[in-house]
1. Place the peptides A:284-295, B:56-67 in order of packing, highest mean first, counting for every residue the other Cβ atoms within 10 Å and averaging per peptide.
2. Taking only Cα atoms, what is the 0 to 90° angle, nearest 10, from helix B:137-157's long axis to the longest principal axis of chain B?
3. Taking springs between alpha-carbon atoms closer than 10 angstrom, which of B:267, B:282, B:317 fluctuates most in the Gaussian network model of chain B?
4. Most mobile of B:253, B:91, B:308 per a Gaussian network model of chain B (Cα springs, under 10 Å)?
5. With contacts defined as alpha carbon pairs under 8 Å and 6 or more residues apart, what's the relative contact order of the range B:12-255 in percent?
6. Using the Cα atoms of the range A:101-157 to build a convex hull, what is its mean projected area in square nanometres?
7. After finding the eigenvalues of the alpha carbon gyration tensor for the range A:17-227, what semi-axes result from the square roots of 5 times each, listed largest first in whole Å?
8. Take A:88, B:110, A:275 and order them by how many other Cβ atoms sit within 10 Å, fewest up front.
């Protein structure tokens, strides 16, 4: 019983985390048909913005010492600036290209950002103590303990989801964005300003990455130039499983991946646990074959003839 | 002007791009070998192995139009498969205790080992391709990416056969510049004959217009599968060559970085031409080598020194610039130019269509 409760709580928190990442990727896929491999690197950039740029081994805090509110605003601001810059300098010029070209451009961007970080901060991982008060645990009973951070992650995810839903349903620009995600060409013909909608999608995606950066680095306490990459890969799987371009699908996919990988760890025999990633990526291939439109289909994923 | 309509000239013209590419590489190899500089020779060998990889990538990506992120996985399969046959006869049981008895006790000559490794890669490609090639467009790219991740995580954990996260040391370093050159030439010719064959033509038809190609009776899935298997075979051999070049195998060698670098070479050269693949490798290898030398301070201690890793930043940025400003690459997706007067009859044009 204790094990079941523990598994449920960790899979919910992991799932929330992947759902946030999947939303960041899914938003951009919806309006631009871009699979943004650099999303994970935006998370990494958010983490590194906490410290003074230097190759020294010991990290000197920069934003890290700020008041929490100022800290959140600064980190999110930095990541949003990166996301916007990547749009205006790179993706804006190739937005009519086939999705494969966009994908490979984002891979190149991701590779450049990683190496830029090595160039500025050196390749060694660095320790940061971000909000250590969140790393404690709350005992539910004698045997079940819930890490505070996992609860925070679930709560933050749901607050963000509700805010995002209100934004997309109730504000004019939010409606425009949904229209663009549904049928981009038609939306433009009906007077949707493409640049504004796409730029806004990058802002939201960047903001989500910034918040993820804070939660992720609170959890790990380590800055590494590859920090965000595997996070991005899992979030990316979540968007594929949920249905590319569908925002509800992204959330569903996030939870499916979170639950699937936590449960796999719990049920796989000792010797097989290492192969978890292989199973999760195998799930992607199975989903692509059996249900290529994902669990929650949209029109965006169909190839245009 | 030379009369280009004689049978001999037509034959020469048919093989013009591929012969020139091979002669170009031959000249570079001969010069570097004659200079007898160990470091330069290593750069050259690595470049020639990359020619094998990128030309193999071209066979699939260039002809099918599907971006593949999974081919480095085939390199991993090929590299470890040659390692099982040639590596370190005395310590093999220590590194890879799970191998079956025959492999533990016997070693093959590296040419045979590399060939068998290529066959294994091709076999895996056949199995994976039956599933993956049913997908098209971006879904296929995602599928190949998932394939790379699966191969990576399996090889990382399968420690009784692959030594897992630690490395396998002691492969004989048999990949000299000339060995690598031979493999590069074989691969270039294979790619040339494949893309001029009816299979290559059918696959390119499906690349340019999938619906029309299907309507004209092209079995799109079958053609893609064929290209996938052939290119996996050469990628597997490239993996074996690379293993015998480095003398050691680690799982991380065959992962995202190598994927990006080889794709960058293909994109920068021009994805849809064989000449583009080779030119991309040559150009980028020279650029990378130059920048690496600058990073390690080629002008002495006080001279101009680039910060660590700036080479890769430059490679990434150049790739983005090429994608923005010249998506068809340096060669504009064309093969090498025929400098003589052309045969302008319709029959001649038909014969030389690429």
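1. B:56-67, A:284-295
2. In chain B, helix B:137-157 runs at an angle near 20 degrees to the longest axis.
3. B:317
4. Comparing B:253, B:91, B:308 in a Gaussian network model of chain B, the most mobile one is B:308.
5. Relative contact order of the range B:12-255: 39 percent.
6. About 6.9 nm², averaged over all directions.
7. Its equivalent ellipsoid spans semi-axes of 31, 23, 14 Å.
8. The order, fewest Cβ neighbours first, is A:88, A:275, B:110.
Read the figures in this text as sums done on the coordinates, not as results from a lab. In this text, all values refer to a predicted model and were calculated from it rather than measured experimentally. Reconstructed Cβ throughout: ideal geometry from the backbone, glycine too, with neighbour counts over all protein chains shown.
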